[in-house]
Each structure stands twice: as structure tokens, then as C-alpha cells.
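The values are calculated or read from the model by the stated rules, or taken from the named source; none is laboratory data. All of these numbers come straight from a predicted model, not from anything done at the bench. Here the Cβ positions follow ideal geometry from the backbone for every residue, glycine too, while neighbour counts run over all protein chains shown.
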Amino acid sequence: MIDVPVFNMSGQQTGTMQIDEALLGGRVRPALMKQAVVAYLAAQRQGNARTKSRGMVAGSTRKLYRQKGTGNARAGTIRTPVRRGGGVAFAKLERDFRVDLPRKARRLARNSAILAKLRDNDALILDPIELEQPKTKTMARALRAAGVSRGCLLALGEPNPVLFRSARNLPDTDVRLVRELCAYEVLRRPKLVFTKSAFEALLADPVALGGAKAAQV
């Protein structure tokens with residue numbers, strides 16, 4: 001079992017919550033996390049760069065003049081890459097950089113990332129969060145009081161417009177629903193901060209979050 005500290009908005013530790021490592025796969029899998037990160041970054045690439053080869057540009061395919069007897073260098077069609085208006089020698093074509101990764105593997109990679117944060121004491125729970133209206137300064141002060149000074153990933157249990165708008169403009173801070181987390185986003189920030197509802201969702205529904213079943217992969 002891992003004890004996760006619970007802090008209030010004043011930075012005082014008010015208790016701990018426990019989580020069984022088995023819910024998150026039992027061990028950290030670095031190789032699988034790397035695969036998930038590579039797949040995520042590959043999916044972000046647009047791959048829409050495109051130029052026309054000599055076979056794609058408009059122009060006649062007729063040989064410009066005969067091969068011999070003119071005194072000029074040999075020449076083929078007007079679409080050759082060496083002529084103005086011709087095609088590109090090594091044309092770029094649209095490309096899909098996406099890497100397929102099974103859903104169970106993605107979930108298990110995310111759980112390994114969360115488990116790594118928990119083991120390294122880089123995860124905490126912020127509760128209660130009392131904000132009547134969006135206030136970035138108040139949210140920044142609460143995170144700083146809890147020891148989060150170099151950015152974090154804030155995981156929410158359910159949509160919370162006030163909390164989202166309070167934290168979205170903080171530097172190096174991401175706000176996500178716990179069910180939308182991925183390995184890359186968990187590993188990208190130094191700290192992982194849960195709301196109490198997000199952490200309870202992680203405990204209560206390990207199958208949907210890639211826990212027990214994904215651990216069998």
C-alpha cells in the first residue's frame with residue numbers, strides 16, 4: 001500500500017489516503033511507458049507537408065529535342081526537376097505518423113506513470129478546494145503551499161469550470177479529467193495533484209482506468 005498525503009489549501013497536511021499498487025499494475029514498466037510516449041508524440045505530428053514530383057506537375061511528356069546532334073546537353077521532358085516549373089526531385093508526400101498501441105497497453109502505461117509518481121512521492125491530494133469563483137492567484141497560492149512550485153498535472157474527478165478556469169493559466173500546469181489522463185501527460189509535469197473525487201475514482205473503478213484487467217497484458 002502507498003500512502004498519499006492530503007493537503008488543504010493552506011498547505012497543511014490533513015491526512016493520507018491509501019492505494020494498492022496492484023490496482024495500477026503492481027510495478028512500473030519503463031519500456032511500455034516509452035512506447036506510449038512515442039505513440040502520443042507521433043500522433044501530434046501533422047504529416048501534411050506535400051510537394052509535387054515530376055509525375056505530378058502539369059506539362060507535356062514530349063522529349064524537348066532529339067538526343068543527339070544539337071550540341072546541347074541531353075534533355076527529357078519539361079517536367080524534369082532541373083528545369084524551372086518542374087517537379088521536386090525528392091517530393092514530400094502526405095504521411096500518417098500515428099503508431100498503433102492497444103488500448104490495454106495505453107491504460108497500463110498510464111497506470112505505470114501514475115505508480116511511478118506515487119512511489120517517488122511526487123503525487124498528492126488537494127482537498128478541500130474552496131473556490132466560489134475562478135481565481136488564479138488563490139489556486140497558485142494553494143499549490144505553492146502544498147509544495148508544488150515547478151508545475152503539475154491537476155486531475156479532476158468531474159468537470160469543474162471554476163477549478164479549471166482557476167488553474168488553466170498557471171505556468172507549466174495542465175488540468176485534465178482523471179479518465180482522460182495518458183502516460184505522456186502524467187510524466188510531463190514534475191507533480192501529480194489529485195482532487196479527492198479524482199483519487200476516489202482511481203480507487204473505485206480500476207477496470208475503467210486500466211487497473212486489474214490491464215495488468216494481465
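Against the conditions (1) under 29 Å from the mean Cα position of the chain (by Cα); (2) basic (Lys, Arg); (3) over 21 Å from GLU180 (Cβ atoms), ARG98 satisfies every one except (3). Out of VAL193, VAL162, VAL178, I need the residue that is in contact with a Cys (Cβ under 7 Å, 6 or more places away or on another chain) and touching a residue at least 24 places away in the same chain (Cβ under 8 Å). Which one? Of VAL193, VAL162, VAL178, the one residue that is in contact with a Cys (Cβ under 7 Å, 6 or more places away or on another chain) and touching a residue at least 24 places away in the same chain (Cβ under 8 Å) is VAL193.
Within the stretch 4-17, is there a residue that is in contact with a helix residue (DSSP H, G or I) (Cβ under 7 Å, 6 or more places away or on another chain), surrounded by fewer than 20 Cβ atoms within 10 Å (Cβ to Cβ) and assigned to a helix (DSSP H, G or I)? Within the stretch 4-17, none of the residues are in contact with a helix residue (DSSP H, G or I) (Cβ under 7 Å, 6 or more places away or on another chain), surrounded by fewer than 20 Cβ atoms within 10 Å (Cβ to Cβ) and assigned to a helix (DSSP H, G or I). Check whether at least one residue in the stretch 43-54 is outside the structural domain of LEU126 (by TED's automatic domain parsing), free of Cβ contacts under 8 Å to residues at least 40 places away in the same chain, at positive phi and of a type in the set (Gly, Ala, Ser), and report yes or no. Within the stretch 43-54, not a single residue is outside the structural domain of LEU126 (by TED's automatic domain parsing), free of Cβ contacts under 8 Å to residues at least 40 places away in the same chain, at positive phi and of a type in the set (Gly, Ala, Ser).
Looking for something of a type in the set (Val, Ile, Thr) and closer than 18 Å to ILE19 by Cβ - is there at least one such residue anywhere in the stretch 114-137? Yes, the stretch 114-137 contains a residue that is of a type in the set (Val, Ile, Thr) and closer than 18 Å to ILE19 by Cβ. Comparison of ARG84, ARG119 shows that the only residue that is exposed (fewer than 12 other Cβ atoms within 10 Å of the Cβ) and of a type in the set (D, E, K, R) is ARG84. Only a single item in (1) within 19 Å of LEU23 (Cβ to Cβ); (2) modelled with pLDDT of 90 or more is not met by ALA215, and it is number (2).
Counted as qualifying within the stretch 75-193 are no strands (runs of 3 or more DSSP E), as none has 3 or more residues that are aliphatic (A, V, I, L, M) and either within 30 Å of ARG54 (Cβ to Cβ) or in contact with a Gly (Cβ under 8 Å, 6 or more places away or on another chain) (or both).
Suppose the filter is surrounded by 11 or more Cβ atoms within 10 Å (Cβ to Cβ), in a loop (DSSP other than H, G, I, E, B) and of a type outside the set (Val, Ile, Thr); does ARG62 pass it? No. Filter the stretch 18-42 down to the residues that are among the aliphatic types (A, V, I, L, M), touching a residue at least 24 places away in the same chain (Cβ under 8 Å) and assigned to a helix (DSSP H, G or I) and list them by number. Once the filter is applied, which keeps residues that are among the aliphatic types (A, V, I, L, M), touching a residue at least 24 places away in the same chain (Cβ under 8 Å) and assigned to a helix (DSSP H, G or I), the stretch 18-42 yields ALA22, LEU23, LEU24, LEU32, MET33, ALA36, VAL37, VAL38, ALA39, LEU41, ALA42.
For the stretch 94-114, enumerate the residues that are among the hydrophobic types (A, V, I, L, M, F, W, C) and crowded, with 24+ Cβ neighbours inside 10 Å.
Of the residues in the stretch 94-114, the ones among the hydrophobic types (A, V, I, L, M, F, W, C) are 97, 99, 101, 105, 108-109, 113-114.
Once the filter is applied, which keeps residues that are among the hydrophobic types (A, V, I, L, M, F, W, C) and crowded, with 24+ Cβ neighbours inside 10 Å, the stretch 94-114 yields LEU108, ALA109, ALA113, ILE114.
Sub-8 Å Cβ pairs linking a first residue in the stretch 111-123 that is of a type in the set (D, E, K, R) to a second residue that is assigned to a loop (DSSP other than H, G, I, E, B), at least 6 apart or interchain, are ARG119/VAL28; ASP122/PRO190, ordered by first then second residue. In this entry, LEU202 passes the filter for residues that are within 26 Å of ARG29 (Cα to Cα) and buried (at least 18 other Cβ atoms within 10 Å of the Cβ).
Out of the residues in the stretch 127-152 that are hydrophobic (A, V, I, L, M, F, W, C) and either at positive phi or modelled with pLDDT of 90 or more (or both), which is surrounded by the fewest Cβ atoms within 10 Å (Cβ to Cβ)? Give the steps one after another, and end with the answer.
Here is the first cut: in the stretch 127-152, the residues hydrophobic (A, V, I, L, M, F, W, C) are 129, 131, 139-140, 142-143, 145-146, 148, 152.
After this cut, where a residue has to be either at positive phi or modelled with pLDDT of 90 or more (or both) as well, the list is 139-140, 142-143, 145-146, 148, 152.
Numbers: MET139: 25, ALA140: 18, ALA142: 23, LEU143: 24, ALA145: 15, ALA146: 23, VAL148: 25, CYS152: 25.
The extreme case among them is ALA145.
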